[in-house]
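Here's the structure we're looking at; comments come further down.
A short reminder: the numbers here are calculations on the coordinates, not readings from a lab. Just so it is clear, the model here is predicted, and its values are computed rather than measured. Don't worry about glycine lacking a Cβ; one is built from the backbone with ideal geometry, like all the others, and counts go over all protein chains shown.
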Amino acid sequence: MVSRLNIRQLTEEKEGGLSPNATKSRLSRGRLRPEEPCPIRTEFQRDRDRIIHAKAFRRLKHKTQVFIAPIDDHYVTRLTHTLEVSQIARTMARALNLNEDLTEAIALGHDLGHTPFGHVGEDVLNELYHGGFRHNEQSLRVVDLLENDGHGLNLTWEVRDGIVNHSKTRIEILGQDWGKVATLEGEVCKIADVIAYINHDIGDAVRAGIITDGDLPLSAVKVLGLSHSQRINTMVCDIIDYSWAASGHSTQGSPTIGMSPPVLEATNTLRKFLFDRVYNLHSAQDESAKARGVIRRLYEYFKEHGDRLPPEYHHYSDEMERRVVDYIAGMTDQYALRMAEELALTA
């Protein structure tokens, strides 16, 4: 009979069969605060579980992905987006013989710091706060400080690196300013995020009547496919094939995560189409304008009435505006709207 005290060690030994390019949990660079290891779970498995049980993770179910306060229950939320990223990333990590546990932890934690009302809320806080606001940096702040009553989740360095470096703003996919994650697992999550949002945002835009499938650029459709599943399958298979050196099964090429030129060009074409026909158009609609107003009014109110912030936020920063940003960024869409109504801040 195997003692439960040996389970983690056995799992760590199994990781020896992963690619030489994979990140091994026993070789983690550690946590901000040292802890005794879990007898059953590896360090990355433990991180994944901490993220899933975090309050910030639960709140993602009521945070906008793109479409604000939709009537239809089938629109993507920040939580379902996160789960899709995790599924796509894990599929690629497993195929490339990388550490699936690390990949899953990064994917599940990458958007914990996202604002209410999606990128509309992020843009407004970035305009208002003198220190600027980026949701990836806020995600790191959530896991390092804001969760667990100000103690944070004390995650491993590798998961924290993947979370803070996943963001791509509006740069070209795998372009010159793409940036770098320290682990291949983090790179997998970064590109899985793109695959997920491009495809589910197309679906939501069609559902909303903003575009039709026939509006999609023909050059991209010919390469990637017309349906949701065809596009994802094409992208995932292409990334695995292009990145095969990362698996350790080939000595050809360098261990990097990328796409072949034709698929990369088609994917960037779709992404540009979404910005031109969906994101920029949608951001000018009534719901988005209302959301921007709510964030602005909440920010101005709490900046002037810091005593109305929940008491715990006074321990997170010595700066009032930083406390306000932390509070608003953690709100769900419904909570922000309800708070604005209660404070008589709605237009």
Quiz prompt | Cβ-based exposure ranking for PHE44, PHE273, in which fewest neighbours within 10 Å come first | solution = PHE273, PHE44
Exercise. Return the loop-located GluC sites (Glu not before Pro) in the stretch 83-189 (DSSP other than H, G, I, E, B) with at most 14 other Cβ atoms within 10 Å of their own Cβ; answer none if there are none.
Key: GLU172
Quiz item: Sequence-distant or interchain residues sharing an amide H contact under 5 Å with ASN99, placed H: which?
Solution: THR23
Quiz item: According to a simple spin-label model (label point 7 Å from Cα along Cα-to-Cβ), what is the distance in nm between GLU35 and LYS272?
Solution: 4.5
Exercise. Could you pull out every one of the lysines with an alpha carbon less than 16 Å from that of LYS55, ignoring same-chain neighbours closer than 8 positions?
Key: LYS63
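Suppose every K and R has +1 on its Cβ and every D and E has -1 on its Cβ; what is the size of the dipole of the chain about the Cα centre, in Debye to the nearest 20?
Details: 42 positive and 50 negative charges, 91 e Å.
So the dipole magnitude of the chain works out to roughly 440 debye.
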Quiz item: Within straight cross-link reach of LYS61, meaning Cα distance under 24 Å, which lysines are found once same-chain residues fewer than 8 apart are removed?
Solution: LYS168, LYS190, LYS290
Quiz item: Rounded to the nearest 0.05, what FRET efficiency do SER219 and ASP307 have when you use their Cβ-Cβ distance and R0 = 56 Å?
Solution: 0.45
